[in-house]
1. Count, please, the residues in segment 55-93 that happen to be polar (S, T, N, Q) and without any contact (Cβ under 8 Å) to a residue 12 or more places away in the chain.
2. How many residues, within segment 52-82, are in contact with a helix residue (DSSP H, G or I) (Cβ under 6 Å, 6 or more places away or on another chain), within 23 Å of residue 138 (Cα to Cα) and in a loop (DSSP other than H, G, I, E, B)?
3. Every residue in segment 50-61 that is surrounded by 15 or more Cβ atoms within 10 Å (Cβ to Cβ) and under 11 Å from residue 11 (Cα atoms), please.
4. Among 85, 9, which is within 26 Å of residue 116 (Cβ to Cβ), in contact with a strand residue (DSSP E or B) (Cβ under 6 Å, 6 or more places away or on another chain) and surrounded by fewer than 15 Cβ atoms within 10 Å (Cβ to Cβ)?
5. Filter segment 159-180 down to residues that are open to solvent by 70 Å² or more (accessible area, probe 1.4 Å) and assigned to a loop (DSSP other than H, G, I, E, B) and give me whichever is farthest from residue 39 (Cα to Cα).
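The values are calculated or read from the model by the stated rules, or taken from the named source; none is laboratory data. Note that this is a predicted model, so its numbers are computed, not measured. With ideal geometry, Cβ positions are generated from the backbone for all residues, glycine too; neighbour counts draw on all protein chains shown. We work out accessible area using only protein heavy atoms, side chains counted, and drop any ligands, DNA or RNA first. Shrake-Rupley method; radii C 1.70, N 1.55, O 1.52, S 1.80 Å.
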Amino acid sequence: PEVVGLAVSTRPDTLSSGALDLLQKISERYDVWLELGLQTIHDQTNKRLNRWHTYDQFETALRRARQKPGLQICAHVILGLPGESIQQMHQTVEAVASLPLDGIKIHQLHVIKNTRLYEEYLAGSIAIFDEDEYVQLVCDCLEKLPPKMIIHRLTGDAAKEKMVAPLWALAKARVLAKINGELTRRGSYQGSKFTTQEIRATLTLS
């Protein structure tokens, strides 16, 4: 009886019709957020990460979810994925900005102990943003997102005992303060460079 809302996070390639029907039914009584793990629009990156879902599958999942009134939809995006350029990261954010999404969660890449990524990090084959680089990039991305899109997260962390890099991510309040400070310094804000006026035709519901 004390529950007022529900957030469900899932991969776009595992979203069943039954799950959507159930979430829609729950949304008749509670606030419901459906969070879809996009991470990047670049299929080769997701393949390298062993995620094995595609951007087309994300769009399909989003289109199906949009046909269920009452659901609010959020996309997860990771900045700094192995092998991606800054330009590719901006392409992902620009794509998200053009989609019929209600919210976004932005994370930096984490290196966690005892993972394949951890082994690559130790071998020096992947690079991690330093704190100031990440702050600059996040502010660049915020400027491109729709003004009304809800920002659920700008930085993430993990359990201290498992986190290898970036250790600055553990100081979440400091990072958020730096993001606010950089936007103030720029005289900027979320949506200041948002130019997409309509969602893409492939996702219209008419």
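1. 2
2. Qualifying residue count, segment 52-82: 1.
3. Scanning segment 50-61 gives 51, 53, 54, 57, 58, 61.
4. From the options 85, 9, the qualifying one is 9.
5. Checking each candidate, the answer is 161.
For every residue, the table says whether it meets (1) in a loop (DSSP other than H, G, I, E, B); (2) surrounded by 13 or more Cβ atoms within 10 Å (Cβ to Cβ); (3) modelled with pLDDT of 95 or more; (4) not aromatic (Phe, Trp, Tyr).
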| residue | (1), (2), (3), (4) |
| --- | --- |
| 139 | no, yes, yes, yes |
| 152 | no, yes, yes, yes |
| 157 | yes, yes, no, yes |
| 185 | no, no, yes, yes |
| 188 | yes, yes, yes, yes |
| 195 | yes, no, no, yes |
